[in-house]
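Below is one structure, written out as structure tokens; the observations come after it.
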Amino acid sequence: MPHLTTNVAVIGVGAMGSAALWQLAERGVPAIGFERFVPGHDQGSSHGESRIFRTAYLEGPGYVPLARRAVELWRRLQEVSGVPLMTENGALMLGQRESSVITATMRSIRAYDLPHELLDEDELRARYPAHRVDPGEVAIYEKDAGFIRPETAIRTALARADELGTRVLSNTVVDRIELGPDRVRVIAGDVVCEAHHAIVSVGTWLGKLLPELRLPLRVTRQIPGWYPIERPELFTPDRFPVFLRDLGDHRRAGVDLAADSTFYGFPTLDGKTIKVAVHREGSLADPDALNRIVTQEDLAEVRDYIGAFLNGVSTEPMRTEVCMYTNTPDHDFLVGSPPGMHQLTILGGFSGHGFKFSSVMGEVAADLAVNGKTEHPIDFLSLDRFLRKSAASRG
Ligand SMILES: Cc1cc2nc3c(=O)[nH]c(=O)nc-3n(C[C@H](O)[C@H](O)[C@H](O)COP(=O)(O)OP(=O)(O)OC[C@H]3O[C@@H](n4cnc5c(N)ncnc54)[C@H](O)[C@@H]3O)c2cc1C
């Protein structure tokens, strides 16, 4: 039975795990990564070519300092590697003035005095003719935003970690973690690894690997699609920022779009299609038995959205992908140690908006693994907010 020892074991080498390994390696901390598949794969939450990043954060001002640091770290990785990871082509948040996308984004902008432009309906139509704009709709344009390439970012962070001497065991599933007073044993088939600390970043598998924590996680199925465009020149990154659009309780004749759905999309990367999807809770999924067959019903909402709100975009996708969210009840992340388990750091529950933060989450996890604390403002992401409740409900 191979027996390994290291300082930090990183379990799950996707978005968060690869960034944690990179950040540990930058500090010269010996670490080993364990990955169920081969990093950069398409079986979890981090595939599909593009992820939005933005700082004027509608999910809450608490995320703004983390988003700022995340962008700095992404730029640094880009610089040291020479690999283009980000396209900083701006983001448009569209909705009625009182819609939650607009009001919540404005809260973060005011709290941190973030640069932005508020566009009225006429300006919006003139600048972005691909969006079909409703009376009274406005948009916030954030220039320091755009998209990042997830698979490339994961591979690049790992290449940097590898350069600095860190190793990853691919195709290696961790079966269980045993906690000693000041050590952790990670068991993966016939491999046993002793470490001082383990970072658990297994994405949708978190509830399965640590069922005893009874974390209130919902793994859900999500389906982005690539839809053909008629006039590619209207959808290039410089003409078509990434967007998020809140329809509120919008209803149109023949269109029935759920009130809690936010639609989002990216500029064209192939000159033929744009990627469009809906951000919402989604239907329950099992990461070990994910239904990858996409039906017309799965696509109905996005098709209706495109038909009603985008000009020159076909409602029939050229291709689709199935991906998963790991949602928490409040859609805030779960970051830190479970009570009484200081040898473990959990990075989980990223609720469909975590990728942009993975660089800074790697830094947070390295701080926690090495120093037991971090300067980053992560109290609002603490596991305690759910674990106290689930302990109380168990009596
Ligand atoms: C369709 C879609 C669109 C999204 N859009 C955005 C966006 O625009 N912007 C944004 O910021 N975020 C977005 N997100 C969210 C973001 O992609 C996720 O929050 C992020 O990728 C989660 O990273 P992770 O490291 O937790 O999971 P993953 O990257 O899936 O990594 C978990 C890893 O753990 C491995 N693993 C699991 N179990 C084990 C085990 N027992 N042993 C060893 N390895 C194991 C898995 O194989 C996997 O590689 C989107 C997500 C989806 C699905």
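The values are calculated or read from the model by the stated rules, or taken from the named source; none is laboratory data. Just so it is clear, the structure is predicted and the values come from calculations on it, not from any experiment. Counting neighbours? That spans all protein chains shown, and the Cβs are built from the backbone with ideal geometry, glycine included.
Tabulated values for the structure
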read-out	value
Filtered residues of region 1-47 (kept if basic (Lys, Arg) and near the ligand (Cβ under 9 Å from one of its atoms))	36
Selection from region 273-314 of residues that are within 12 Å of the ligand (Cβ to nearest atom) and either in a strand (DSSP E or B) or over 30 Å from residue 207 (Cβ atoms) (or both)	275, 276, 277, 278, 279
Any chance residue 36 is buried (at least 18 other Cβ atoms within 10 Å of the Cβ), within 26 Å of residue 199 (Cα to Cα) and among the basic types (Lys, Arg)	yes
Residues that are in a loop (DSSP other than H, G, I, E, B) and within 23 Å of residue 108 (Cβ to Cβ), drawn from region 135-182	136, 143, 144, 145
Residue satisfying condition, being in contact (Cβ under 8 Å) with a residue 60 or more places away in the chain and closer than 20 Å to residue 356 by Cα, within set 145, 130	145
The listed residue being closer than 26 Å to residue 269 by Cα, polar (S, T, N, Q), in contact (Cβ under 8 Å) with a residue 40 or more places away in the chain and near the ligand (Cβ under 9 Å from one of its atoms), out of 81, 50	50
Subset of region 171-205 (residues that are within 21 Å of the chain's Cα centre (by Cα) and near the ligand (Cβ under 8 Å from one of its atoms))	201, 202, 203, 204, 205
Filter result for the condition that a residue is under 16 Å from the mean Cα position of the chain (by Cα), within 16 Å of the ligand (Cβ to nearest atom) and not assigned by TED's automatic domain parsing to the domain that holds residue 163, over 101, 71	71
Residue that is surrounded by the fewest Cβ atoms within 10 Å (Cβ to Cβ), among those in region 336-352 that are within 11 Å of the ligand (Cβ to nearest atom) and part of a strand (DSSP E or B)	346
